[in-house]
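Only one structure is covered here, and it is reproduced in the block below.
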Amino acid sequence: MSVLMFKGGVPVRAARTARSRASGSARGPAARRAHGPSEPGRLRRPVVRAGLGHPGQGSRGATVRVPAQERGRLALLEPTWWAMDLPLTLVSGPSVADVDRSLTSERTPNGHHKEEERAMSTLGIIGSGNIGTAVARLAVAAGIDVVIANSRGPRSLAGLVEELGPRATAATVEQAARAGEATLLSIPLTAYDALPEGLLRGRTVLDTGNYYPFRDGRISELDSEQETTTELAQRLLPGALLVKAFNNIMAHHIPQLARPAGADDRSALPIAGEDPAAKARAAGLIDRLGFDTVDAGTPAESWRFEPESDAYTRIYLADPGVPVDQMMQAPAAPVPTSELAALLESSRRVKVAERTF
């Protein structure tokens, strides 16, 4: 796999990059495989709530009974805890002011961020769950206005908008889709076809979605590996310039790992998409939010960082062997571009039909 890495928003091509950490590190793919599957545990927070698309529910809000032995694995669902009306109390992390100090305290004298502000001044966000909120916090801290929407309407976002400050605006889904130069889409996979037809046509869309059968039901195209989740999303959103991003990291790790450009301990996130210009725009935005990026290829190759892959959530844990029921509180550790590129290259395609969560 030929890898295109973006460091500080600048593309740097690397072929078959070597891992930056020692081979004996517990963070490598082999070490993670040695841990074996995580033991089921119990979440410390309730996950079954009333409303559309919450963990523990089907796509139409009907409660789904999750076997006790599987409940511990629900911690892996953090990347797509959309639940557009998910209570803000479930979103942990530093305040906007704390994030702002982190991202601005080490800005370089060349005005890197100020120059980029002219390139992207507004970000539309559809989905106000954990991932959408975490990205919104980083965006306003980076000087980007956010227009955010959820399934319950603008009034339900009053508390979040007040927290985010004057750069944030609550809006309808249609307004958020038209705002600025790109849209972050952070909703359940089964909600994609409920979006108005053509809503995101021609837009650069950062898609955070993952496939979780217990929530989304079984989808034959994905179970048979006929399509990746990103390919399915692209089919459901024709004309959108889709870039898979932010789907392999837990929401509370996003603010923990965000760093200014050039920081020695800066982490990287994978992206995948068909349109090179859209991927470059996404990489530029993610750079402003505090991360380098590694281009994992086309939507067909995005399985490399889907759930259960070697480049999924655990790579950002300080202790990759932490029990599942502690993952939601576990601290993060940086993953540089070279390490992420190696993980993507060595990632094994999982048997999606065997996924039980």
Of residues in the range 217-240 being in contact (Cβ under 8 Å) with a residue 40 or more places away in the chain and among the hydrophobic types (A, V, I, L, M, F, W, C), the one nearest to Val352 (Cα to Cα): Leu222
Any hit, the range 307-319, residues being touching a Leu at 6+ places or on another chain (Cβ under 6 Å), within 20 Å of Thr229 (Cα to Cα) and among the basic types (Lys, Arg): no
Which numbered condition Ala251 misses (of (1) buried (at least 22 other Cβ atoms within 10 Å of the Cβ); (2) in contact with a Ser or Thr (Cβ under 7 Å, 6 or more places away or on another chain); (3) under 24 Å from Pro331 (Cα atoms)): (2)
Test: residue in the range 273-280 that is more than 14 Å from the chain's Cα centre (by Cα), assigned to a strand (DSSP E or B) and surrounded by fewer than 20 Cβ atoms within 10 Å (Cβ to Cβ): no
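Could you tell me how many of the residues in the range 281-331 are charged (D, E, K, R) and assigned to a loop (DSSP other than H, G, I, E, B)? Talk me through it step by step, then tell me what you get.
Quick first cut of the range 281-331, residues charged (D, E, K, R) only: 281, 287-288, 292, 295, 301, 304, 306, 308, 310, 314, 319, 325.
Those left that are additionally assigned to a loop (DSSP other than H, G, I, E, B): 306, 308, 310, 319.
Result for the range 281-331: 4.
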Residues located in the range 186-216, provided they are touching a residue at least 40 places away in the same chain (Cβ under 8 Å) and either more than 20 Å from the chain's Cα centre (by Cα) or in a helix (DSSP H, G or I) (or both): Leu189, Thr190, Ala191, Tyr192, Asp193, Gly198, Pro213, Phe214, Arg215, Asp216
Flag for Asp193 being crowded, with 23+ Cβ neighbours inside 10 Å, within 21 Å of Ala149 (Cβ to Cβ) and of a type outside the set (A, V, I, L, M, F, W, C): no
Residues located in the range 238-256, provided they are assigned to a helix (DSSP H, G or I) and farther than 15 Å from Ala311 by Cα: Ile254, Pro255, Gln256
Cross-chain or 6+ apart pairs with Cβ under 9 Å, the range 314-329 first and more than 16 Å from Ser267 (Cα to Cα), then hydroxyl-bearing (Ser, Thr, Tyr) and assigned to a helix (DSSP H, G or I): Met327/Thr313
Where Thr183 falls short, out of the listed (1) within 29 Å of Glu306 (Cα to Cα); (2) in a helix (DSSP H, G or I): (2)
Options Arg266, Arg235; residue that is of a type in the set (Lys, Arg) and part of a helix (DSSP H, G or I): Arg235
First in the range 338-350 and touching a residue at least 60 places away in the same chain (Cβ under 8 Å), second anywhere and assigned to a loop (DSSP other than H, G, I, E, B) and aliphatic (A, V, I, L, M), Cβ under 6 Å, 6 or more apart: Leu343/Ala311; Leu344/Ala296; Leu344/Ala311; Glu345/Met1; Ser347/Ala311
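Rule-based calculations on the coordinates, nothing more; no lab input. It should be emphasised that the depicted structure is a prediction, and the values quoted were computed from it without experimental measurement. Virtual Cβ from ideal backbone geometry, glycine too; neighbours counted across all protein chains shown.
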